[in-house]
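Please read the structure below before turning to the comments.
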């Protein structure tokens with residue numbers, strides 16, 4: 001008879017729902033930030049170096065300028081987060097594929113370093129930004145940059161496709 005209560009207890013414990021898990025804002029933002037870097041890096045690598053000067057229309061930025069635009073926007077806006085990490089020097093006029101990608105990667109590495117300095121609580125603190133964003137939480141600044149990067153990604157995909165390329169996310173083995 002002693003085995004029945006033990007068996008019942010084991011079944012109750014096994015059937016009990018797992019304790020609710022809590023997400024970390026910092027971990028979620030860091031994951032999205034690092035995935036954005038990876039996505040953009042792969043796309044920037046996919047465009048041949050000799051087409052980095054390609055523009056969809058004369059009024060638009062060329063492909064390389066799109067890459068360095070992301071870098072500049074990241075660094076300019078990440079400074080609002082504060083922190084000890086040193087902002088990289090970004091050459092927004094870089095024309096070579098390797099220099100443009102290096103600038104973009106450095107801007108994302110700077111963001112990673114800053115996010116790693118923060119906590120879930122400090123991410124929700126309000127910081128003074130520019131007239132465009134206004135007073136915003138540090139998390140909102142990061143979300144803004146992720147959205148901005150996806151916007152430019154969409155434009156870069158068009159540039160790549162107009163040159164016969166296929167974005168890495170759309171490539172099939």
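Looking across region 132-173 at every residue that is under 15 Å from residue 82 (Cβ atoms) and without any contact (Cβ under 8 Å) to a residue 12 or more places away in the chain, the one that is surrounded by the most Cβ atoms within 10 Å (Cβ to Cβ) is identified as 140. Flag: residue 129 matches the condition of being in a loop (DSSP other than H, G, I, E, B), in contact with a helix residue (DSSP H, G or I) (Cβ under 8 Å, 6 or more places away or on another chain), under 14 Å from residue 81 (Cβ atoms) and touching a residue at least 24 places away in the same chain (Cβ under 8 Å). Does residue 144 meet the test of being outside any loop (DSSP other than H, G, I, E, B) and touching a strand residue (DSSP E or B) at 6+ places or on another chain (Cβ under 9 Å)? The answer is yes for residue 144. Does residue 53 fit the bill of being at pLDDT 95 or above and at positive phi? No, not satisfied. When residue 61 is tested against the conditions (1) assigned to a helix (DSSP H, G or I); (2) touching a helix residue (DSSP H, G or I) at 6+ places or on another chain (Cβ under 9 Å); (3) under 19 Å from residue 148 (Cβ atoms), the lone failure is (1). For region 75-126, filtered to residues that are on the phi < 0 side of the Ramachandran plot and touching a strand residue (DSSP E or B) at 6+ places or on another chain (Cβ under 8 Å), the residue that is surrounded by the most Cβ atoms within 10 Å (Cβ to Cβ) is 81.
The values are calculated or read from the model by the stated rules, or taken from the named source; none is laboratory data. Everything quoted here is computed from the prediction, not taken from an experiment. Using ideal geometry, Cβ is built from the backbone for each residue, glycine included, and neighbour counts are taken over all protein chains shown.
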